[in-house]
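Step one of this worksheet: look at the structure below.
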Amino acid sequence: IGGVAVAYYISTTVIAAILGLCLVSIIKPGSGDQSDFISKDGVTINENTNTLDTIMDLLRAAFPDNIVEATFGKDATELTEITRDDGSKYLKRNLQFKSGINMIGVIVFAIVVGVIMSLYPEESAPLMKVVQAVNDVTMRLVTLILWYSPIGIFFLIAGQFAGVENFGEMVAQLGLYVVTVLVGIAIHFFIILPSIFFAFTRSNPIPYYYNMLPALATAFGTASSSATMPVTLKCVEEKNGISMRISRFVIPVGATINMDGTALYEAVACLFIAQVNGISLNFGQVIVTGLTATLAAVGAAGIPSAGLVTMVMVLNAVGLPVDMLAVILTVDWFLDRFRTMTNVMGDALGCAVVQSMCSKELAEMDQDTELQMVGEKS
């Protein structure tokens, strides 16, 4: 059951990220006359590379030689044009250490450590307590900072708007960005997820969607999949007939790792920022964006605007300016509600898919339970 649930969540998250990349590449919300939009001083990206080098850099970054060093920088391939004595030219590859967090390497290292800790729970218990303590302290620190965040956000947005030379152009591009995200969420919400539901359950998704309206309304109001979890459990169990053995496992796991809307949003936002700054990403860099968006979405917390935190990871992975997040902040509160609705609906549909695919296992569990009860009575 756990394997099927995780496979479903990862698959839908990858599909959402790919959908976002396709839409933003087709609609191009950040394209236009960038010279009139915003100053791009300090925006740099390694353009002197190709797709293969980018993919190889990604694989190299996933397995850093030193995890401590990975928190400070990573190696990246640069192509240098060399002129021979006869006048001909060729490109020479060099590995250059660049400052910035190697997010891919840190994420892979954390996943491997987490898997090993789960395999040896007794031996890793002291380390688990340390990790939980660090997590609790970090969350309290972040909570404290959030009380002052409105002041910082105000000046971030004010600083970005102060550099705008054509305010109308900025509003038009930001509006098109919102439309791109909403179109992607609508396609995923009304077409892709119901299609997956029908393919595995052979049932009409419309009644299932209707029964989830209370959970969707709560998700829109709270912008938090974790806060919506009790309502989601009630809807899938009482109205859609999902077994508690499925829902009580799938829904909590989904609220943690199933972030379809967040993956789509981060993929669109990353390419939007690149387009606004007049940066052209090659195919390899787009793949890095999609992969990082998927991993970042899986690691995002089920709280309001958690995607903005993980967005920094996606931007750092490609080398895009993090300060451009200030522009996206102006509409994030609105888009976050639709992202949460998509995440919650994905969790609910995942319960039906898992229950349909694991029906034999559930029947065997019922038989074992009945035999055990008969044995106890006798």
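One table, with the values for the structure above:
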{"read-out": "Surface accessible to a 1.4 Å probe, per residue, for the residues of the range 183-285, Å²", "value": "39"}
{"read-out": "Ordering of 67-75, 172-180, 122-130 by packing [mean C-beta count within 10 Å, highest first]", "value": "172-180, 67-75, 122-130"}
{"read-out": "Full-extension gain in nm, TRP333 to SER88, via 0.36 nm per residue minus C-alpha separation", "value": "82.7 nm"}
{"read-out": "Accessible heavy-atom area order of SER224, SER99, highest first, probe of 1.4 Å", "value": "SER99, SER224"}
{"read-out": "Linear extension gain, THR71 paired with ARG245, 0.36 nm per residue minus alpha-carbon span", "value": "58.6 nm"}
{"read-out": "Which listed pairs, of LYS129/LYS360; LYS129/LYS239; LYS74/LYS129; LYS28/LYS239; LYS28/LYS89, have C-alpha distances above 32 Å, in listed order", "value": "LYS129/LYS360; LYS129/LYS239; LYS28/LYS239; LYS28/LYS89"}
{"read-out": "In nm, spacing of pseudo-spin labels at VAL113 and ALA172 (7 Å Cα→C-beta vector)", "value": "4.9"}
{"read-out": "Simple label model, 7 Å out from Cα along Cβ direction - SER356 to SER280, nm", "value": "4.4"}
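The values are calculated or read from the model by the stated rules, or taken from the named source; none is laboratory data. Because the structure is a prediction, the values reported are computed rather than measured. In this analysis, Cβ positions are derived from the backbone assuming ideal geometry, glycine residues included, and neighbour counts consider all displayed protein chains. These area figures cover heavy atoms from the full protein model, side chains too; ligands, DNA and RNA do not enter into them. Shrake-Rupley method; radii C 1.70, N 1.55, O 1.52, S 1.80 Å.
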